[in-house]
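*Asks:* Dropping the structure in here first, questions after.
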Amino acid sequence: MEPEPGDDRETEGVLNPGAVRGPDGALYLFPRLVAKGNYSRIGIARVRFNQAGDPSGVERLGIALEPEADYELRPNGGGGCEDPRVTFVEPLGHYLMAYAAFSAHGPRIALAISKDLFHWKRLGLASFVPFEGIEFDGVDDKDASLFPIAIPNPSGHPELAIVHRPLFPGTRPEEIACHPKSRDVDIHRESIWISYCPIATDGHESDCLGKFASHHRLATPVSPWERLKIGGGTPPILTRHGWLIVYHGVSELAQTSKSSHPLCYSAGVMVLSEQHPQVIRYRSVEPVLTPSLPQERDGTVANVVFPTGIDRRDDIGMPDRFDVYYGMADSRIGAARLDLPELLPSGGTADSQEERI
């Protein structure tokens, strides 16, 4: 998917889509549409497939969300509803969208709910209780996604679980690029987290959600390809090996000048235990997708592949095939095929508090 010529809503890029099967069985994308001045809306598009079953194009169907709430607007007339992840949450019987709301305060996780994917109701900003002196509220946070079923929290109680990566001051890739390559990682402030929130399980729509709590640190930068940052990617999807997440990592490219630190965004794979998602069963040592195509190396932000949507191909009788939808250089949307192996590879990276990179 590329910006449509003549559509001012897409003039600066079409990228980072949510992906989910609708009540009709069709696959829908929710791309971020970027207008002039980095004004972002979330669109709706239906994916077209060719005779081989591969995604081959989209049919645009309108706008799902555009900046309207105060937490989505900036004083200069700008605003952003960005980078959505969409999940059908079975206990609620509804679709939940986690997206980045970009106001004057910076990016924050916002939530919206829908029964049919075409009519969305805002639930407001996600809020978090503190954890061991760490304040999650008031901190930039994005790239969040939700589990489709109730997940046992660290105390064993089934709750709504969200994967997120707070951007604490000093932990942006551009900031960490100034640090030596051999360094101590701040495991609490550079990690992907899972946080939990109680939900009603009667299938009724809720106007709001409580605060997320019971926080658990999931993963910290370990490998060189993710030295500068790791963050969320596709929503967790259950496979026979456990919960599959395609996440992103950031590293440096060759420095072109004394003051610049070119960055490279790649994608890796994480498999979490089905029964205990806080436990990582496998994590890829090397990235599974790196910027190599011209559309990934040149664009609004060069050298970026950014996974945000995933689709298991049960529709063509291939439950071990997953199509991953991702942003290409913050300009376009691409699709990649991931085939689940019979056995998880050996030698996946560990993630301990003693790890250094």
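Every residue, every condition in (1) within 19 Å of the chain's Cα centre (by Cα); (2) among the hydroxyl-bearing types (Ser, Thr, Tyr); (3) modelled with pLDDT of 95 or more; (4) surrounded by fewer than 23 Cβ atoms within 10 Å (Cβ to Cβ), yes or no:
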| site | (1), (2), (3), (4) |
| --- | --- |
| Tyr196 | yes, yes, yes, no |
| Ser206 | no, yes, no, yes |
| Lys211 | no, no, no, yes |
| Pro224 | no, no, no, yes |
| Gly232 | yes, no, yes, no |
| Thr239 | yes, yes, yes, yes |
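*Asks:* In the list Ala101, Ala110, which residue meets the criterion of being over 19 Å from Ile194 (Cβ atoms), crowded, with 24+ Cβ neighbours inside 10 Å and aliphatic (A, V, I, L, M)?
*Replies:* Values: Ala110 fails: over 19 Å from Ile194 (Cβ atoms).
So the residue among Ala101, Ala110 that is over 19 Å from Ile194 (Cβ atoms), crowded, with 24+ Cβ neighbours inside 10 Å and aliphatic (A, V, I, L, M) is Ala101.
*Asks:* Residues that are among the hydroxyl-bearing types (Ser, Thr, Tyr): find the strands (runs of 3 or more DSSP E) completely inside the range 71-115 holding 3 or more of those.
*Replies:* By residue number, 94-103.
*Asks:* Identify, please: which residue in the range 288-333 is aliphatic (A, V, I, L, M) and farther than 23 Å from Arg60 by Cα and is, among those, surrounded by the most Cβ atoms within 10 Å (Cβ to Cβ)?
*Replies:* The qualifying residue surrounded by the most Cβ atoms within 10 Å (Cβ to Cβ) is Val304.
*Asks:* Looking at this structure, is Asp143 among the charged types (D, E, K, R), assigned to a loop (DSSP other than H, G, I, E, B) and surrounded by 14 or more Cβ atoms within 10 Å (Cβ to Cβ)?
*Replies:* Working: among the charged types (D, E, K, R): yes; assigned to a loop (DSSP other than H, G, I, E, B): no; surrounded by 14 or more Cβ atoms within 10 Å (Cβ to Cβ): yes.
No, not satisfied.
*Asks:* Does Val305 satisfy the condition of being under 18 Å from the mean Cα position of the chain (by Cα), among the aliphatic types (A, V, I, L, M) and outside any loop (DSSP other than H, G, I, E, B)?
*Replies:* On the way: under 18 Å from the mean Cα position of the chain (by Cα): yes; among the aliphatic types (A, V, I, L, M): yes; outside any loop (DSSP other than H, G, I, E, B): yes.
Here the answer is yes, as Val305 does meet what is asked.
*Asks:* A follow-up question, please. Just to confirm my filter: which strands (runs of 3 or more DSSP E) fall fully inside the range 216-299 and include at least 3 residues that are of a type outside the set (Val, Ile, Thr)?
*Replies:* On the way: elements: 229-231, 237-239, 242-252, 263-272, 280-283.
Counting at least 3 such residues, we get 242-252, 263-272, 280-283.
*Asks:* Further, regarding this structure: Does the range 116-134 hold any residues that are of a type in the set (A, V, I, L, M) and either over 21 Å from the mean Cα position of the chain (by Cα) or assigned to a strand (DSSP E or B) (or both), and which are they? Full working, then the answer.
*Replies:* Going residue by residue through the range 116-134, those that are of a type in the set (A, V, I, L, M) are 117, 123, 125-126, 129, 134.
Across the range 116-134, the qualifying residues are Leu123, Leu125, Val129, Ile134.
*Asks:* Of all residues in the range 103-131, how many are more than 20 Å from Tyr28 (Cα to Cα), in contact (Cβ under 8 Å) with a residue 24 or more places away in the chain and not hydrophobic (A, V, I, L, M, F, W, C)?
*Replies:* So the answer is 7.
*Asks:* Find all pairs meeting these conditions: Cβ atoms under 6 angstrom apart; at least six residues apart or on different chains; first residue within the range 141-168 and more than 11 Å from Cys197 (Cβ to Cβ); second residue at pLDDT 95 or above and among the hydroxyl-bearing types (Ser, Thr, Tyr).
*Replies:* Hits for this filter: Pro148/Thr87; Val163/Ser145.
*Asks:* Another question, if that's okay. If only one of Arg9, Arg48, Arg32 is outside any strand (DSSP E or B), charged (D, E, K, R), at pLDDT 95 or above and more than 28 Å from Ile151 (Cα to Cα), which one is it?
*Replies:* None of the other options fit; the residue is Arg9.
*Asks:* Find all pairs meeting these conditions: Cβ atoms under 7 angstrom apart; at least six residues apart or on different chains; first residue within the range 65-89 and over 12 Å from Asn38 (Cα atoms); second residue buried (at least 17 other Cβ atoms within 10 Å of the Cβ) and of a type in the set (D, E, K, R).
*Replies:* Leu65/Arg41; Glu66/Arg41; Ala69/Arg122; Tyr71/Arg108; Asp83/Arg32; Asp83/Lys142; Asp83/Asp143
*Asks:* Still on this structure: Of the residues Pro23, Pro31, which single one is closer than 26 Å to Leu123 by Cβ and loosely packed, with under 14 Cβ neighbours inside 10 Å?
*Replies:* From the options Pro23, Pro31, the qualifying one is Pro23.
*Asks:* Determine which member of the set Ala26, Ala52, Ala19 is without any contact (Cβ under 8 Å) to a residue 12 or more places away in the chain and closer than 18 Å to Arg313 by Cα. Reasoning before the result, please.
*Replies:* Numbers: Ala26 fails: without any contact (Cβ under 8 Å) to a residue 12 or more places away in the chain; Ala19 fails: without any contact (Cβ under 8 Å) to a residue 12 or more places away in the chain.
Just a single option satisfies the conditions, and that option is Ala52.
The values are calculated or read from the model by the stated rules, or taken from the named source; none is laboratory data. Since the model is a prediction, treat every value here as computed from it, not as a measurement. Positions of Cβ are generated from backbone atoms using ideal geometry, with glycine treated the same way; all protein chains shown enter the neighbour counts.
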